[in-house]
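Novice: Before I ask anything, here is the structure I am working with.
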Amino acid sequence: MREQVKQALDQSTTRFISATTRLLPGLVALIVALLISVLFAWILAMVVRRLLVSIRFDERLIGWGFPSSAEWSPIKRPSVLVSRCVAALVIMTGFLIGVSAFDAELTSLLVRSVFAYVPNILGAMLVLLVGSIIARFLGRSVLIGAVNMNFQYGRLLSVGVKWLVIVLAVAMALEQLRIGSGIVELAFGILFGGIVLALALAVALNSKELVTKSLDRDAAKTSTESIEDPLRHL
Amino acid sequence: MEGDVVVQQHALGKIEDLDAADLVVGILADLDQETAATVYEALRTLQGELRIAILSTNVGSVQADPDWVSSRKGPLLSVVPWPETGPDASNAPMQSISAAYQAILTAGEMLGARAGCIIASKFEVVRPHWICQLVQPVLETGFDLAIPQYPRRKFEGLLNSSIISPLIRCLYGKRIQNPLGPDLGFSRALFEVLGGSDRNAPRIHPLASLTPVAICGQLRVCQVHIGPRILPSTDWTNISSLLVQALGPVFLAMERNAACWQKTRGSIPVSGFGEPSAAPQESETIDVNRLVNSFQLGIRDLQEIWGSVLPPTTLLELRKLARSSSEQFQMPDDLWARIVYDFALAHRLRTINREHLLRSLTPLYLGWAAGYAREMETANEGEVERRLERLSNAYEASKPYLVSRWRWPDRFSP
């Protein structure tokens, strides 16, 4: 009896040791891959940060409508964030390459599926970035136009337009990522409809003033000389 | 040929038939037959055996009496029916006039003319000699650019009075009332200076560039007193569109000629011709409250945009100004001058989209107009002149601020 237990323990220990031994090269390869990727990520992050600072990336973002640099903390400035994202991407890639070294079918499948998903992630990020830029541009256009037309609810209109475009971009990004497509579509429809309704109300609140102005302008065209606005600008 | 792009085909044929001319006159204003005949009569009084090519958009007046121009003695007149070029004048008047200028300059170059004249305004009372007065300094006295000086009405041409004229005066050191014309007399030397700048390049705006190019090219500039004009009754979509169309080319010209104006200090008057005439002042009451409300709405909603263009001290002054009542509302001249300079610099640096930038200037411009309208409500012409002279002096006094910010934008970044 004792001999059998001892034999069973010896066999399981031997299996464990042999399995661990088989894993060791892969583990070493993973650690080496991680170390190399960390080093490469650090170098690349430094290069990217210097490149972004040289092209005044932070200032250009302000021109595209993103918050001014005063609202960012020094360690979270856009150029630093971008460089850290690049570094994280490189480290993640190194990790996946290291995992594939285990030479197990499951890990190979995992690596292939992750790499196959990367284009979706990149596509979603691009959609979000472009959507954000367009949203801010349109929001600013609407705000300036509304203020120049003396709309009291110009800011509401501007925010509404901006969020309309952002919601659209987020929905497109989630569809690109193939996440909860049915729920996202429904939620998007409800949210989009709500924003459009809010915008319509904002326009309706100002339309009375606009129609009055339009009617006055038409009436002034038929009179000999406009006495409503004697100012001539050019 | 480069000019073919802007000269319509049937007009091109007629110009090639003419072969050459000494003087090219472009009539862009919609003149009736009687006025057109008066203009032709006036041109015949010019001295010398001149070949004058008249480019007229008023086809009706030409066809009414086709033999008229060839039946008299004196300078030889040839009339070329000239189609309107450019976009619809009522929606984009600056672009329309600019396209017409470009076409006339091109036609003048094709004909080898030694002088040119453009008549774009309708006048309240047509005096034939006014037309000749735009041409005579160029033909007879050797000037290269003759700019009109209209009798000033206090509530007309505010954009020119508040920004364009004092800005050009401060930058280039010449006191010119209407740097953008639109009526002008110019010499062949100006063709050549403009031609050297590649006139058809998209960034060159003929209307906004004529005066700066003439001054920076060391050409001789004069002003000519001509009568009150009827301001065009175009249907402006809104003031912000006007600001974009008028100020955009002026700021671009400012950027292009930076090396010239940074060396200039002070200003001097230019030579004048003709007798000044008075214009009856309006007695209308301006709704200052509406203008102040527009300004206050801008302060409330556009702080974020102005914050990327204007320094904090300027924003603080504007916020204090917004708390003033309509009766006491007055934007200081030095503040207004610095605002214009900050916007010009932001236009150059592309801090934000250029069209957004210029449109966001609208509430500030209306704020200045409110203070001016309140102050000038009962003013006579002399008081108006003194008031605008103070404004121009404020621009000149603030020029060191502009030069510093222009040279070191990062140092003064808001």
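The values are calculated or read from the model by the stated rules, or taken from the named source; none is laboratory data. Note that the structure is a prediction, hence the values are computed from the model and not measured. Note that we place each Cβ from the backbone using ideal geometry, even for glycine, and neighbour counts take in every protein chain shown.
Novice: Can you name the residue in the stretch B:221-235 that is away from chain A (no Cβ under 14 Å) and outside any strand (DSSP E or B) and, of all such residues, is modelled with the lowest pLDDT?
Specialist: My answer is B:G227.
Novice: Considering every residue within the stretch B:326-346, establish whether at least one is farther than 23 Å from B:L243 by Cα and in contact with a helix residue (DSSP H, G or I) (Cβ under 6 Å, 6 or more places away or on another chain).
Specialist: Scanning the stretch B:326-346, I find at least one residue that is farther than 23 Å from B:L243 by Cα and in contact with a helix residue (DSSP H, G or I) (Cβ under 6 Å, 6 or more places away or on another chain), so the answer is yes.
Novice: Do we find that B:T106 is modelled with pLDDT under 80 and within 28 Å of B:V221 (Cα to Cα) in this structure?
Specialist: The answer is no for B:T106.
Novice: Taking the stretch B:35-76, which residues are at pLDDT below 75 and assigned to a strand (DSSP E or B)?
Specialist: B:L76
Novice: Which of the following residues is of a type in the set (A, V, I, L, M), within 12 Å of chain A (Cβ to nearest Cβ) and within 18 Å of B:L158 (Cα to Cα): B:L388, B:L364, B:L357, B:L349?
Specialist: Selected residue: B:L364, the only one of B:L388, B:L364, B:L357, B:L349 that is of a type in the set (A, V, I, L, M), within 12 Å of chain A (Cβ to nearest Cβ) and within 18 Å of B:L158 (Cα to Cα).
Novice: Still on this structure: Taking the stretch A:123-146 as the region of interest, how many residues are within 12 Å of chain B (Cβ to nearest Cβ) and surrounded by fewer than 22 Cβ atoms within 10 Å (Cβ to Cβ)?
Specialist: 7
Novice: Kindly state which helices (runs of 4 or more DSSP H) lie completely within the stretch B:329-414 and contain at least 3 residues that are assigned by TED's automatic domain parsing to the domain that holds B:I176 and in contact with a Pro (Cβ under 6 Å, 6 or more places away or on another chain).
Specialist: none
Novice: So which residues in the stretch B:1-34 are modelled with pLDDT of 75 or more and crowded, with 18+ Cβ neighbours inside 10 Å?
Specialist: Scanning the stretch B:1-34 gives B:A21, B:D22, B:L23, B:V24, B:V25, B:G26, B:I27, B:L28.
Novice: Restricting the search to the stretch B:146-162, which residues are more than 10 Å from chain A (Cβ to nearest Cβ) and of a type outside the set (D, E, K, R)?
Specialist: B:A146, B:I147, B:P148, B:Q149, B:Y150, B:P151 - these are the residues of the stretch B:146-162 that are more than 10 Å from chain A (Cβ to nearest Cβ) and of a type outside the set (D, E, K, R).
Novice: I'd like to verify a number: residues in the stretch A:190-200 that are surrounded by fewer than 14 Cβ atoms within 10 Å (Cβ to Cβ) and in contact with a helix residue (DSSP H, G or I) (Cβ under 9 Å, 6 or more places away or on another chain), how many?
Specialist: Summing the residues that are surrounded by fewer than 14 Cβ atoms within 10 Å (Cβ to Cβ) and in contact with a helix residue (DSSP H, G or I) (Cβ under 9 Å, 6 or more places away or on another chain) in the stretch A:190-200 gives 1.
Novice: Residues to consider are A:G193, A:G94, A:G131, A:G189; find the one that is part of a helix (DSSP H, G or I), at negative phi and in contact (Cβ under 8 Å) with a residue 60 or more places away in the chain.
Specialist: The unique qualifying residue is A:G94.
Novice: Give the residue that is surrounded by the fewest Cβ atoms within 10 Å (Cβ to Cβ), with candidates limited to residues of the stretch B:171-181 that are at pLDDT 85 or above and in a loop (DSSP other than H, G, I, E, B).
Specialist: If we take residues in the stretch B:171-181 being at pLDDT 85 or above and in a loop (DSSP other than H, G, I, E, B), then B:G173 is surrounded by the fewest Cβ atoms within 10 Å (Cβ to Cβ).
Novice: Which number in (1) closer than 26 Å to B:E156 by Cβ; (2) within 14 Å of another protein chain (Cβ to nearest Cβ) marks the one condition that B:G382 misses?
Specialist: (2) is the only condition that B:G382 fails.
Novice: Is it fair to say A:L110 is without any contact (Cβ under 8 Å) to a residue 60 or more places away in the chain and either buried (at least 17 other Cβ atoms within 10 Å of the Cβ) or within 14 Å of chain B (Cβ to nearest Cβ) (or both)?
Specialist: In short, no.
Novice: Another question, then. Condition (residue is at pLDDT below 90 and of a type in the set (G, A, S)) applied to the stretch A:43-51: is it met by at least one residue?
Specialist: There is no residue in the stretch A:43-51 that is at pLDDT below 90 and of a type in the set (G, A, S).
Novice: Follow-up. Checking the conditions here, which among B:T285, B:T313, B:T264 is out of contact with any Lys or Arg (no Cβ under 7 Å at 6 or more places or on another chain) and closer than 30 Å to B:Q133 by Cβ?
Specialist: B:T264
Novice: Please work out if B:I339 is farther than 28 Å from B:G173 by Cα and either within 13 Å of chain A (Cβ to nearest Cβ) or at pLDDT 90 or above (or both).
Specialist: Judged against the criteria, B:I339 is not a match.
Novice: Please go through the stretch A:147-168 and pick out each residue that is in contact (Cβ under 8 Å) with a residue 40 or more places away in the chain and either facing chain B (nearest Cβ under 8 Å) or not aromatic (F, W, Y) (or both).
Specialist: A:M149, A:N150, A:Q152, A:L156, A:L157, A:G160 - these are the residues of the stretch A:147-168 that are in contact (Cβ under 8 Å) with a residue 40 or more places away in the chain and either facing chain B (nearest Cβ under 8 Å) or not aromatic (F, W, Y) (or both).
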